[in-house]
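Enquirer: Just dropping this structure here.
The values are calculated or read from the model by the stated rules, or taken from the named source; none is laboratory data. Given the structure is predicted, the values throughout are model-derived calculations rather than measurements. Don't worry about glycine lacking a Cβ; one is built from the backbone with ideal geometry, like all the others, and counts go over all protein chains shown.
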Amino acid sequence: MLGASLGRGGKPLRIAYGRIFHEACAASPLLTTRDAFVQQHHVAGEELARAASLRGEELASFFPHAELTGFLQAARAAGGVEAVPLSSALAVPGGPLTRECFEWLLDDLVARVRDAGRLDGVYLALHGSMEVSELGESPEAVILRRVREAAPGAKIAASFDLHGNLSAGIVEPLDVLVSYRTNPHWDLAPTGFRAGNRLIRSLRGQCRPVSAWRKLPVVVGGGMNVDFLEPMRGVYKLMSKLERDPRVLTTSFFVVHPFTSADDLGWSVHVTTDGDADLAERLADQLADRAWTARRAPLPELLDIDRALDEVRRSPWRKLGPITLVDVDDIVGAGAPGGNTRIVEALVADDRGLSLLVPVHDPAAVARAFETPLGATLELSLRGTPGYEQPEVPLVATVAARADDPRWGRRARLTAGRTEIAVTERPPLPIHPGFWRELGIDPRRADAMVQKNFFHYRLFHLATSFRHLPVVTDGATNLRRAASAPRRVPSYPSADPVDWRDGDRQFRAARAG
Ligand SMILES: [Zn+2]
């Protein structure tokens, strides 16, 4: 009985685990460097093992338990598994990684795989929409190739964000592939558990994963793909139904992150069965058919800045709490730099008597604010993120408050009339009201506040903000630009193919390069 739970030759299975995780926004001028990972999350060895334990904090202040904790729980539940920590690196979404940064991360991971000795398996938590400056291929495909070379004979499992972009280079080297199935994402730990469970069972000969995948010519993303709302809900319901069949080991559905410069972007589905290749092919077709019907997700009405400000002025909701202006073109949570100056520009031209809270990434303005005495008046040009080509906005403002936080860097509040501008040294994510409170402002008193993310802020503003207006500002996460970007395979919505099958054939004919 005990022997059955062990690996080859009655020894415990040795499975290494690690992570390289980043989501890229190609239109951001801020390349992602080593510092971004060092500041956010980069742990290895025993420190990683502690962080990914149930008592640890795997991704400090984001997710106490993420994929690697889930994987360790699967190993623990299975018994007879020696889990070997590699390294784990994650940075907030941003511009593509520099080559130097990518090689540093990858060399470290691969060296640890080599040093781990005999391995039966490797599990990696990846994103699927990374991008590396001038790499010319999917970084995740490179990671998997290098890890395979470093651990010949080991089975490899990987999990992905559902915003990943599948390609042959990602799918083919993998024995087990799983993805998140919630958006916004909260199922990181269950995803890691599923990957670990399938990997361990296949190493013990308790199942034999065989997979099929399809890639659809659809590039619809950016906040429309909430798993529990239509049109996505029906696709996830079908996946749950398919997985009730014991022959089905796992199913995945990927809705892409539309802001990378990959020319092969597209939705995809992936099905793994227990040794039944025909069934995997059939169910992949069925799931692709269902996903295809969900492509025409209605876009929320997007307002230009002046229309949004007029709407705020008219709306009675602002008496109850600040109206949220969601800056959909400058979503820091999707990798934009957060330095668009156009909303401030519109308020300087006509503030409509409104009190507005606006965060702007502008390191030069922060430096000026820290050189100026508190309460003094400052004349400056607000320029936003360097290289972001934003309008320069001349301002006369009072330096009202300053804060310095090791995670978010320095920021200052500049008061110009009724407008409060938080200039920040790093891309701003003022999700929590504490962002403004630390700068001496109670956001509940404002008429409106600008957010740089799609969803998460709502959790902290359930009782304060009751109206949410999406505003377009021509920034790095502009959906119209992403939708009309040149694609190798004509894709919805810039094209309107009648069926997904032609696109799928073209996508999958391109082998891993
Ligand atoms: Zn995602």
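Enquirer: Residues in the range 460-471: is at least one farther than 17 Å from residue 325 by Cβ and among the small types (Gly, Ala, Ser)?
Expert: Within the range 460-471 (the criterion being farther than 17 Å from residue 325 by Cβ and among the small types (Gly, Ala, Ser)), the answer is yes, since at least one residue qualifies.
Enquirer: Take residue 189 and decide whether it is touching a residue at least 40 places away in the same chain (Cβ under 8 Å), away from the ligand (no atom under 16 Å from the Cβ) and not β-branched (Val, Ile, Thr).
Expert: No: the conditions fail for residue 189.
Enquirer: Between residues in the range 249-270 that are under 14 Å from residue 482 (Cβ atoms) and residues that are charged (D, E, K, R) and not in a loop (DSSP other than H, G, I, E, B), which pairs lie under 7 Å by C-beta distance while being six or more apart or on different chains?
Expert: Qualifying pairs under 7 Å: 266/215.
Enquirer: It is to be established whether one or more residues within the range 471-484 are over 25 Å from the mean Cα position of the chain (by Cα), of a type in the set (Ser, Thr, Tyr) and at negative phi.
Expert: No.
Enquirer: If only one of 353, 375 is assigned by TED's automatic domain parsing to the domain that holds residue 317, closer than 29 Å to residue 304 by Cβ and outside any helix (DSSP H, G or I), which one is it?
Expert: 353
Enquirer: Can I ask one more? Among the residues of the range 170-180 satisfying the criterion of being in a loop (DSSP other than H, G, I, E, B) and either more than 19 Å from residue 73 (Cα to Cα) or acidic (Asp, Glu) (or both), which is nearest to the ligand (Cβ to nearest atom)?
Expert: 174
Conditions tested, residue by residue: (1) surrounded by 15 or more Cβ atoms within 10 Å (Cβ to Cβ); (2) within 27 Å of the chain's Cα centre (by Cα).
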{"residue": "247", "(1), (2)": "no, no"}
{"residue": "263", "(1), (2)": "no, yes"}
{"residue": "271", "(1), (2)": "yes, yes"}
{"residue": "292", "(1), (2)": "yes, yes"}
{"residue": "315", "(1), (2)": "yes, no"}
{"residue": "319", "(1), (2)": "no, no"}
{"residue": "323", "(1), (2)": "yes, yes"}
{"residue": "336", "(1), (2)": "yes, yes"}
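Enquirer: Another question, then. Looking at the range 453-497, which of the residues that are of a type in the set (S, T, N, Q) and within 17 Å of residue 216 (Cα to Cα) is surrounded by the most Cβ atoms within 10 Å (Cβ to Cβ)?
Expert: 491
Enquirer: Please go through the range 22-31 and pick out each residue that is within 16 Å of the ligand (Cβ to nearest atom), over 17 Å from residue 60 (Cα atoms) and not small (Gly, Ala, Ser).
Expert: Of everything in the range 22-31, those that are within 16 Å of the ligand (Cβ to nearest atom), over 17 Å from residue 60 (Cα atoms) and not small (Gly, Ala, Ser) turn out to be 23, 25.
Enquirer: Right, next: Residues that are more than 16 Å from the ligand (Cβ to nearest atom), farther than 20 Å from residue 334 by Cα and part of a strand (DSSP E or B): does the range 127-140 have at least one?
Expert: Among the residues of the range 127-140, not one is more than 16 Å from the ligand (Cβ to nearest atom), farther than 20 Å from residue 334 by Cα and part of a strand (DSSP E or B), which makes the answer no.
Enquirer: Under 7 Å between Cβ atoms, at least 6 apart or on separate chains: pull out the pairs that start in the range 22-36 with a residue that is closer than 18 Å to residue 483 by Cβ and outside the structural domain of residue 452 (by TED's automatic domain parsing) and end on any residue that is surrounded by fewer than 21 Cβ atoms within 10 Å (Cβ to Cβ) and not charged (D, E, K, R).
Expert: 26/261
Enquirer: Which residue out of 197, 165 is assigned to a loop (DSSP other than H, G, I, E, B) and away from the ligand (no atom under 11 Å from the Cβ)?
Expert: Just one listed residue meets the conditions, 165.
Enquirer: Which of the helices (runs of 4 or more DSSP H) contained wholly in the range 1-104 include at least 2 residues that are out of contact with any strand residue (DSSP E or B) (no Cβ under 6 Å at 6 or more places or on another chain), of a type in the set (A, V, I, L, M, F, W, C) and more than 29 Å from residue 332 (Cα to Cα)?
Expert: Ranges flagged: 67-78.
Enquirer: May I pose another question? Before we move on, is residue 158 more than 16 Å from the ligand (Cβ to nearest atom) and either part of a helix (DSSP H, G or I) or not polar (S, T, N, Q) (or both)?
Expert: No: the conditions fail for residue 158.
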